[in-house]
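Chemist: Input: one structure, supplied below.
The values are calculated or read from the model by the stated rules, or taken from the named source; none is laboratory data. These figures come from a predicted structure and were not determined experimentally. As a convention, Cβ positions derive from the backbone with ideal geometry for all residues, glycine included, and neighbour counts pool all protein chains shown.
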Amino acid sequence: MEKGNQVAQIRRATAPPGEARPAACWSCQGPVAGTEPFCPTCTAVQPPAPVDHFIRLGLAVEFDVDETVLDRRYFDLQRQLHPDRFATRTPRERTLSQQQAVALNDAYETLKDPLRRADYLVHLKGSGVLPEGCHLVNDTALLTESMELREALADADTVEQVDGLERRARQDIADCIEQISVLFGDGDLEGACRLTTRLKYLRKLAEETRVRRAQIGPGV
């Protein structure tokens, strides 16, 4: 009875925004919807479905993600699919639970981070439009901005100067994420791709400010 309730909870948590191809349970051959991690007939854990990260976590395929909902769905599923719960099951079930956990963690870590989410969404929506992904190395404006900021960081010789560059980078990151949201909402994949590339540069700069601050040392 408890297992049946767990299955029902997971089925609700993974209700996809679109249809997924059904499969046959490996254990009883009963029908299993593509997003269900357990067979509704025999409750055996299933292989992870070949679906995108959004569907795996029951979210709409869009950049704006409610992190509270994302966390809740992830932790609900993680509790049910953690390999420790299958320690006494058959070798196949232990393997499948591990595969489910890996797929779930990958989906969560990708969608939780705005940069990884944007990069993933561009590839997901624009595979036929932007096969190269977000690696616009020929964008002169982005390259120029990146070079100028890195040169300014290299020339900084006080902690205050480094702090100023970090504050600028953090603000630019926040603004960039807001703009990416608008561009995805407008269906402008090329624009979203360009700003995703810029976000990568800005994240790298923010990381490098910590290194530069350590190089300068305290009291300088």
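Chemist: Quick one: what pairs do we get from the range 80-96, first residue assigned to a helix (DSSP H, G or I), second of a type in the set (D, E, K, R), C-beta under 8 Å, 6+ apart or different chains?
Modeler: Pairs found: Pro83/Arg94; Phe86/Glu93; Phe86/Arg94.
Chemist: Report the residue count in the range 42-63 for those that are in a helix (DSSP H, G or I) and among the aliphatic types (A, V, I, L, M).
Modeler: 1
Chemist: Could you say whether any residue in the range 117-139 is part of a helix (DSSP H, G or I), among the basic types (Lys, Arg), within 23 Å of the chain's Cα centre (by Cα) and at pLDDT 95 or above?
Modeler: yes
Chemist: Out of Arg21, Arg11, I need the residue that is in a loop (DSSP other than H, G, I, E, B), charged (D, E, K, R), modelled with pLDDT under 90 and over 26 Å from Gly187 (Cβ atoms). Which one?
Modeler: On inspection, the qualifying residue turns out to be Arg21.
Chemist: Go through (1) surrounded by 18 or more Cβ atoms within 10 Å (Cβ to Cβ); (2) among the hydroxyl-bearing types (Ser, Thr, Tyr); (3) at pLDDT 80 or above for Thr43 and report which single condition fails.
Modeler: Here Thr43 clears every test but (1).
Chemist: Quick check, is Arg72 assigned by TED's automatic domain parsing to the domain that holds Glu36 and exposed (fewer than 15 other Cβ atoms within 10 Å of the Cβ)?
Modeler: yes
Chemist: Show the residue pairs that are 6+ apart or on different chains and have beta-carbon atoms under 6 Å apart, the first residue being within the range 27-43 and assigned by TED's automatic domain parsing to the domain that holds Ala103, the second being basic (Lys, Arg) and part of a loop (DSSP other than H, G, I, E, B).
Modeler: Gly34/Arg21
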